[in-house]
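The values are calculated or read from the model by the stated rules, or taken from the named source; none is laboratory data. No experiment lies behind these values; they were computed from the predicted model shown. FYI the Cβ positions are ideal-geometry reconstructions off the backbone, even for glycines, and counts take in every protein chain you see. Only protein heavy atoms, including side chains, enter the accessible area calculation; ligands, DNA and RNA are left aside. Shrake-Rupley method; radii C 1.70, N 1.55, O 1.52, S 1.80 Å.
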Amino acid sequence: MIRIVIAEDQQMLLGAFGSLLNLEDDMEVIGKASNGEEAVGLVKKFQPDVCIMDIEMPGKSGLEAAEELKGLGCKVIILTTFARTGYFQRALKAGVSGYLLKDSPSDELASSIRSVMSGKRIYAPELMDDVYGEENPLTDREKEVLELVADGKNTKEIAEELSIKAGTVRNYISIILDKLQVKNRIEAITQSKEKGWFK
């Protein structure tokens with residue numbers, strides 16, 4: 001019997017996934033969590049074979065929970081609506097066994113769980129195309145400047161921290177916006193987060 005914990009913050013979906021998997025002869029849902037924190041607790045308590053995890057949940061996200069569960073012997077499958085390269089790359093680094101999208105056919109979930117249990121890794125095909133397509137165009141110094149901007153520092157503070165002139169910081173920022181083809185700092189930060197370019 002494959003023992004499963006599900007983490008999903010939308011109660012209706014949580015119930016539906018649970019019922020769906022319990023219909024399978026070889027699967028049993030032994031725990032349900034509505035956030036990443038609960039998921040980690042249930043996995044440590046029940047030691048299931050598989051944890052199916054949404055990404056965007058209150059408190060601790062599915063990716064943070066997956067990072068925490070790495071090495072505990074429970075296979076993690078991310079099940080999300082977000083086909084974002086950055087999320088996928090973080091999930092890969094966390095060692096997840098699967099990354100599926102919620103709009104996949106429902107029977108795919110059970111077959112993916114069986115595949116993962118047999119040692120395979122299952123990733124949504126649309127994500128595989130993205131991952132190999134995009135490199136971060138920024139230099140190390142430009143990345144450093146953007147990360148300081150993301151930390152909420154202003155031009156003067158960034159200049160002091162990097163021991164450069166405020167004018168130089170402004171130059172870096174306009175180069176960053178230009179390279180990322182965005183209009184402002186907020187768009188630059190959002191795009192970099194989505195693509196998984198921040199450390």
- Message: Go through the stretch 1-23 and report how many residues are farther than 26 Å from Gly59 by Cα, out of contact with any strand residue (DSSP E or B) (no Cβ under 6 Å at 6 or more places or on another chain) and surrounded by 17 or more Cβ atoms within 10 Å (Cβ to Cβ).
- Response: 0
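I'm trying to understand the selection: among the residues of the stretch 24-48, which are among the charged types (D, E, K, R) and either open to solvent by 70 Å² or more (accessible area, probe 1.4 Å) or over 20 Å from Leu100 (Cα atoms) (or both)?
At the first step, the residues of the stretch 24-48 found to be among the charged types (D, E, K, R) are 24-26, 28, 32, 37-38, 44-45.
Selection gives Asp25, Asp26, Glu28, Lys32, Glu37, Glu38, Lys44, Lys45.
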- Note on the structure: Filter the stretch 179-193 for residues that are of a type outside the set (Val, Ile, Thr) and farther than 15 Å from Glu135 by Cβ; the one that is least open to solvent (accessible area, probe 1.4 Å) is Ala188
- Pairs, first free of Cβ contacts under 8 Å to residues at least 24 places away in the same chain in the stretch 1-29, second part of a strand (DSSP E or B), C-beta under 7 Å, six or more apart: Leu14/Ile6; Leu14/Lys32; Gly18/Ile6; Gly18/Val29; Gly18/Lys32; Asn22/Glu28; Asn22/Val29
- Long-range neighbours under 6 Å by Cβ, at least six apart or interchain, first residue farther than 18 Å from Ser112 by Cα within the stretch 69-85, second assigned to a strand (DSSP E or B) and open to solvent by less than 50 Å² (accessible area, probe 1.4 Å): Leu69/Val76
